[in-house]
Amino acid sequence: MNVTVGIVFCLVIGLASSPASAHHAFAAEFDATNCSDVTGVLTKVNYENPHAYIFVDVKSAGGQVEEATFQLSSTSNLRRGGATPAVLNASVGKEVLVRGCASRNGERNRYAASFIKLADGTVQRLGQDVEGIFGTKIWR
């Protein structure tokens, strides 16, 4: 009995002391002072946990088409706010406007999305409003 308790205790301590794969906060991955509006063609929606993603083809300064990746909130938050797969997929192949904050690690065309203006003109919240701009300018 004491041996079993000892083994279980060691396993629990071992698991507790092993590195945990933590979910990082927005500020750890994205720069709230480096946000911009990105216009392009929505090409794909990945509605998966722990974060959904959208992919947008944008034109670089040189005129080349590049894929921009936007990390969204959790699927449960998106559904609660009305940004369901059907709503987002209705704009695939069409021009959209996405507000996103750039990646801190310098990876080009990787953002955390705050909002999207879909092809039909509706605005959906996709993530944190770290700038406090929802309801201002075009984000109504």
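The values are calculated or read from the model by the stated rules, or taken from the named source; none is laboratory data. Note that the structure is predicted; figures quoted are calculated from it, not measured. Using ideal geometry, Cβ is built from the backbone for each residue, glycine included, and neighbour counts are taken over all protein chains shown.
The table below gives the values:
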| item | result |
| --- | --- |
| Selection within region 46-77 - under 16 Å from Ala112 (Cβ atoms) and in contact with a Pro (Cβ under 7 Å, 6 or more places away or on another chain) | Ser74 |
| Test set (1) assigned to a strand (DSSP E or B); (2) modelled with pLDDT under 90 - Asp129 fails condition number | (1) |
| Test for Gln128: is it more than 19 Å from Val58 (Cα to Cα) and touching a residue at least 60 places away in the same chain (Cβ under 8 Å) | yes |
